[in-house]
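See structure below.
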Amino acid sequence: MRNTYLIVAEHRDGKLRRVTLEALRAAAACAAGEDEIHAALLGEGLDDLAAELAAYPVAQVHVIESESLRNYNPEAYVQALAPLLASLRPDGLFLGHTAAGRDLAPALAARLSAGQISDVTGIEREDDGRIVFVRPIYAGKAIERRVFGSAPRVVTVRPNNFLAAEPREDGTAAPIARSAAASASELRTVVRDVVRKTAGRIDLAEAKIVISGGRGVKSAEGFRPLEELAELLGGAVGASRGACDAGYCDYGLQIGQTGKVVTPEIYIACGISGAIQHLAGMSGSRIIVAINKDPEAPIFQLADYGIVGDLFEVVPLLTQEFRKALA
Ligand SMILES: Cc1cc2nc3c(=O)[nH]c(=O)nc-3n(C[C@H](O)[C@H](O)[C@H](O)COP(=O)(O)OP(=O)(O)OC[C@H]3O[C@@H](n4cnc5c(N)ncnc54)[C@H](O)[C@@H]3O)c2cc1C
């Protein structure tokens, strides 16, 4: 029996988000034999993105265009995807575990009467062919292995945990099917505009390097050395809730149980004590560096590298040394 999987692509500023290619890799891990992976691309003015996506190993790219899809809107997205879901009848749906993916996946699961497994970090195939979805639970303290009882299945994939899919080796492109979605006047809510608070900065969820500040940065001004280091290394700045609550930075930067989950190659925690709720958002980072003036700070128990010292001395020194090394 041939299974059909559907990836719901995400894009921002005219670029595909890497998590879409990671979701494609995750779907490929479930696919076997004659199984097909399709991709849905929603928005407006999508010609270039559709051509880019068609270069990856998908059976077809389904482009759904409408002014109402310019910005993410759950109602518009669910409505727009409904005809495709009805015709394709996918056995599995894959989305990024991003703000939009977390919102859209349960709505699509409800429409399909499907089960959902969220925040998946690994996929394993057992000897009997069953596919096991691996996900961290209890703020990363335990790992859960789940299987679906029946199809259809809805899966959200945690960013930075799967390798991004590679374009087809033979340079061919998948066919592109186009359709139009409902006009904005038929929707109950309309997103008029999205104003980004962190314009121009690297997306925290996808950053390879994250420099995070905690209450130890002591002020908004105290984030400057961290921003300087992040800029030099091409990384993003994050924060603990302690720093956000103190008003040193925007809540959009918060990492942790009630903030964003990041899994960068390198996570540098500056003036962060290492509360369990913070660790829930960053313990999956490949290399963790902690800078804290308290040698007993719990963050050192998790860190691969620890620097006991004043962050206002250590961070500028790191910037200085990296600048020399990168010159
Ligand atoms: C339901 C719930 C959800 C939560 N969700 C989150 C969440 O999502 N994310 C999150 O982060 N927290 C969350 N918290 C809060 C969490 O429990 C901690 O209070 C918070 O993480 C502490 O932030 P912090 O480490 O910046 O501050 P603190 O615990 O005050 O630590 C500051 C650290 O800075 C060090 N320091 C001070 N000055 C310097 C200096 N000059 N140089 C170097 N080090 C210095 C200190 O030694 C200390 O270790 C949550 C709490 C609850 C109850």
Worksheet item: What number, in percent, do you get for the relative contact order of the chain if the mean sequence gap of Cα pairs under 8 Å and at least 6 apart is divided by its residue count?
Response: 15
Practice prompt. Find which of Leu232, Leu16, Pro264 sits farthest along the positive direction of the dipole of the chain, computed with +1 on the beta-carbon of Lys and Arg, -1 on that of Asp and Glu, about the Cα centre.
Written response: Pro264
Worksheet item: In whole Å, what is the distance between the alpha-carbon centres of the stretch 136-158 and the stretch 112-127?
Response: 5
Item to complete: With N denoting the number of residues in the chain, provide Rg(C-alpha) divided by 2.2 N^0.38 Å, to two decimal places.
Response: 1.07
Discussion item. Suppose every Lys and Arg Cβ carries +1 and every Asp and Glu Cβ carries -1, with no other charges. What dipole size does the chain come out with about its Cα centre, to the nearest 20 debye?
Written reply: 580
Fill in: Estimated vicinal HN-Hα couplings, Hz - the stretch 5-10 in sequence order (Karplus 6.51, -1.76, 1.60; Gly, Pro = x)
10, 10, 9, 9, 6, 10
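Can you compute the charge dipole magnitude of the stretch 109-183 about its Cα centre, using +1 on each Lys and Arg Cβ and -1 on each Asp and Glu Cβ, nothing else charged? Give it in debye, rounded to the nearest 20.
Using only the charged Cβ atoms, the result is roughly 400 debye.
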Worksheet item: In the stretch 204-326, with Lys and Arg counted as +1 and Asp and Glu as -1 at Cβ, which of these residues, Gly284, Gly216, Val315, has the Cα nearest the positive end of the dipole, that is, farthest along it?
Response: Gly284
Worksheet entry | Span from the the stretch 59-85 Cα centroid across to the the stretch 267-292 one, whole angstrom | 37
Item to complete: State, to one decimal in nm, how far the label point of Leu187 lies from the label point of Glu44, with both points 7 Å from Cα in the Cβ direction.
Response: 0.9
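How would the stretch 214-276 be classified by its alpha-carbon gyration tensor: rounded, prolate or oblate, with rounded meaning a/c under 1.5 and the a/b versus b/c comparison settling the rest? Present the calculation step by step, with values, prior to reporting the outcome.
Values: a/c = 1.61, a/b = 1.08, b/c = 1.49.
Since a/c reaches 1.5 but b/c is at least a/b, the shape of the stretch 214-276 is classed as oblate.
Hull surface divided by four, with the convex hull built on the Cα atoms of the stretch 4-186: how many nm²? Each step should come with its number before you reach the end.
Values: hull surface 42.7 nm².
The orientation-averaged projected area of the Cα hull of the stretch 4-186 comes to 10.7 nm².
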Worksheet entry | Estimated [θ] at 222 nm from DSSP helical runs (n ≥ 4, -39500 (n - 2.57)) normalised by residues in the chain, nearest 500 | -8000 deg cm²/dmol
Worksheet item: Under 18 Å Cα-Cα from Lys293, which lysines qualify once same-chain neighbours fewer than 8 residues away are excluded?
Response: Lys218
Item to complete: Counting other Cβ atoms within 10 Å, keep those with at most 13, restrict to DSSP loop, and tell me which GluC sites (Glu not before Pro) in the stretch 26-84 are left.
Response: Glu34, Glu44
Fill in: Per-peptide average of other Cβ atoms within 10 Å, ordering 100-109, 304-313 highest first
100-109, 304-313
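Looking at the stretch 106-203 only, what percent of DSSP beta bridges run antiparallel? Nearest 5 please.
On the way: 9 of 13 bridges.
Close to 70 percent.
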Worksheet item: So for Lys141, Lys324, Lys208, fewest C-beta neighbours within 10 Å to most, what's the order?
Response: Lys324, Lys141, Lys208
Worksheet entry | Extension gain (nm, one decimal) between Glu124 and Ile287, 0.36 nm per residue minus Cα-Cα | 56.3 nm
Worksheet item: Among Gly216, Gly274, Gly33, whose mean-square fluctuation peaks in a Gaussian network model of the chain (Cα, cutoff 10 Å)?
Response: Gly33
Practice prompt. Would you mind classifying the stretch 204-326 by shape? Square roots of the alpha carbon gyration tensor eigenvalues, ordered a ≥ b ≥ c; an a/c under 1.5 is rounded, otherwise it is prolate if a/b is larger than b/c and oblate if not.
Written response: rounded
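Could you check what % of the DSSP bridge pairs in the stretch 204-326 are antiparallel, to the nearest 5? Walk me through the numbers on the way to the answer.
Details: 0 of 20 bridges.
If we restrict to bridges inside the stretch 204-326, about 0 percent are antiparallel.
None of the figures in this text is laboratory data; all of them are computed from the coordinates on show. Remember, it's a predicted structure, so these values are computed and weren't measured experimentally. Glycine also receives a Cβ, built like all others from the backbone with ideal geometry; neighbour counts cover every protein chain displayed.
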